[in-house]
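Below is one structure, written out as structure tokens; comments come after it.
The values are calculated or read from the model by the stated rules, or taken from the named source; none is laboratory data. It should be emphasised that the depicted structure is a prediction, and the values quoted were computed from it without experimental measurement. Here Cβ is always computed from backbone atoms with ideal geometry, including for glycine, and neighbour counts include all displayed protein chains.
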Amino acid sequence: MTDGPRERVDGEGDERERIHLIVLYGGESAEHDVSCVTAAHVLRAVNPSRYRVTPIGISESGRWSVANDVAGAVESGTPLPGRLDAAGDPFEPGVALAHGGPLAASRSGELAGPPGERTVALPLLHGPLGEDGTVQGFFELADIAYVGAGVLGSAVGLDKAMSKQVLGAAGIPQPGYAAFAEHERTTELEAQLVERFGLPCFVKPANMGSSVGVSKAHDANELRAAIDLALSYDEWVVVEEFVDGREIELAVLGNEDPIVSVAGEIVPGEEFYSYEDKYVTDAAQLLIPAPLSDDELATVQALAICVFRALRCQGLARVDFFYEEGGRGFLCNEANTMPGFTPISMYPKLWAASGIDYPELIDRLVALALDRHSRRRRNTKH
């Protein structure tokens, strides 16, 4: 692990100071189920002596509710299921803005805490309307500290088309790609993509994660169908060249002085690391640490930090690479600003292998959120 000074906030060393932790999960995107599983495992690791937890679920239709039964289970140490339901007592999120407080003034008062209690939101939302800067903007308006990248970093990080432009401008090596909007699609464009990248190639919705809507196209008909599928999830499509390389992932943690984990390697169980491979069949092999030389590890760790900074990430990110041995070397595939925290997810596994266990990882993320919030308030409030 590339280490550095651990960022802290005033009062972090006081183990007795309890923090109000709002865990937001579910959401309206196609990654709803992944978020519900992630939330269950995060809450299992939360220390109730350090955190007063308010779990807030968002249904697939966009209804917000407070999962008071889940909060009670966390407080009492009752085992949680492997997946949370995004249901509970109805909650109107706009109340937080109307009262100008950190979600501590709902009409019924059930979220109110002790005076002076610090609040941190942990938005465990994946995909659009959660990981794309929208919820981050909500927390900015409500003056609430939150885990993860800010509005800009979240928006750019999720949008593969835009993030690739930013990484290209920063000189980060990456596979060849083309991005286009739905209204720009033509038969001529499809032919140009085949001529430019050859076959097979990958087709992805620009704003989606967990490999949802991703296809590997082997011929012109599959390319057409892959674009149709991608456009069912987003109005922007990214087409990438096929890279015959190893899949290497790293976890990054921090704000101004980020640290990076050991590298992990994914050996897909299917033709590529698909949604089913990640969450259904569990057929992929995760090699931690990845079999890399010291020089190779140092190179990819440095690149991961460069990607983290170029995309304005904060708090956490998982950065994914292809390793084209004997060719172009490490090529950045993407960065995920809110990676999964399920038992099979790479982000917590990489940190566990680097000496940071699950509970400490949550503590560090909360401290980083408070640190970033205090600095941002200095710049926005005069």
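Quick look at the numbers
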| item | result |
| --- | --- |
| Residue satisfying all of: in the range 337-355; of a type in the set (S, T, N, Q) and surrounded by fewer than 24 Cβ atoms within 10 Å (Cβ to Cβ); nearest to ASN255 (Cα to Cα) among these | SER354 |
| Top-ranked residue of the range 231-266 - restricted to ones that are in contact with a Ser or Thr (Cβ under 7 Å, 6 or more places away or on another chain) and small (Gly, Ala, Ser), ranked as surrounded by the most Cβ atoms within 10 Å (Cβ to Cβ) | ALA251 |
| When residues of the range 125-139 are limited to those that are in a helix (DSSP H, G or I) and touching a residue at least 40 places away in the same chain (Cβ under 8 Å), the one surrounded by the fewest Cβ atoms within 10 Å (Cβ to Cβ) | PHE138 |
| Residue identified as modelled with pLDDT under 90 and of a type outside the set (Ser, Thr, Tyr) among GLY27, GLY72, GLY4, GLY77 | GLY4 |
| Exclusive hit being assigned to a strand (DSSP E or B) and over 22 Å from ASP257 (Cα atoms), set LEU292, LEU331 | LEU331 |
| Members of the range 32-51 found to be more than 23 Å from ILE344 (Cβ to Cβ) and either crowded, with 24+ Cβ neighbours inside 10 Å or touching a Ser or Thr at 6+ places or on another chain (Cβ under 9 Å) (or both), listed by number | PRO48 |
| Members of the range 157-211 that are in a loop (DSSP other than H, G, I, E, B) and either at pLDDT 95 or above or over 27 Å from ASP33 (Cβ atoms) (or both) | ALA170, GLY171, ILE172, PRO173, GLN174, PRO175, GLY176, ARG185, THR186, GLY198, LEU199, PRO200 |
| Matching residues in the range 343-363 - criterion: being closer than 17 Å to ARG50 by Cβ and in contact with a helix residue (DSSP H, G or I) (Cβ under 9 Å, 6 or more places away or on another chain) | ILE356, ASP357, TYR358, PRO359, GLU360, LEU361, ILE362 |
| Yes/no for VAL307 being assigned to a helix (DSSP H, G or I) and buried (at least 22 other Cβ atoms within 10 Å of the Cβ) | yes |
| Residue pairs meeting the criteria (Cβ under 8 Å; at least 6 apart or on separate chains; first closer than 15 Å to GLU240 by Cα, in the range 321-346; second of a type in the set (Asp, Glu) and outside any loop (DSSP other than H, G, I, E, B)) | PHE321/GLU247; PHE321/GLU249; PHE322/GLU247; LEU331/GLU324; CYS332/ASP320; ASN333/GLU247; ASN333/ASP320; GLU334/ASP320 |
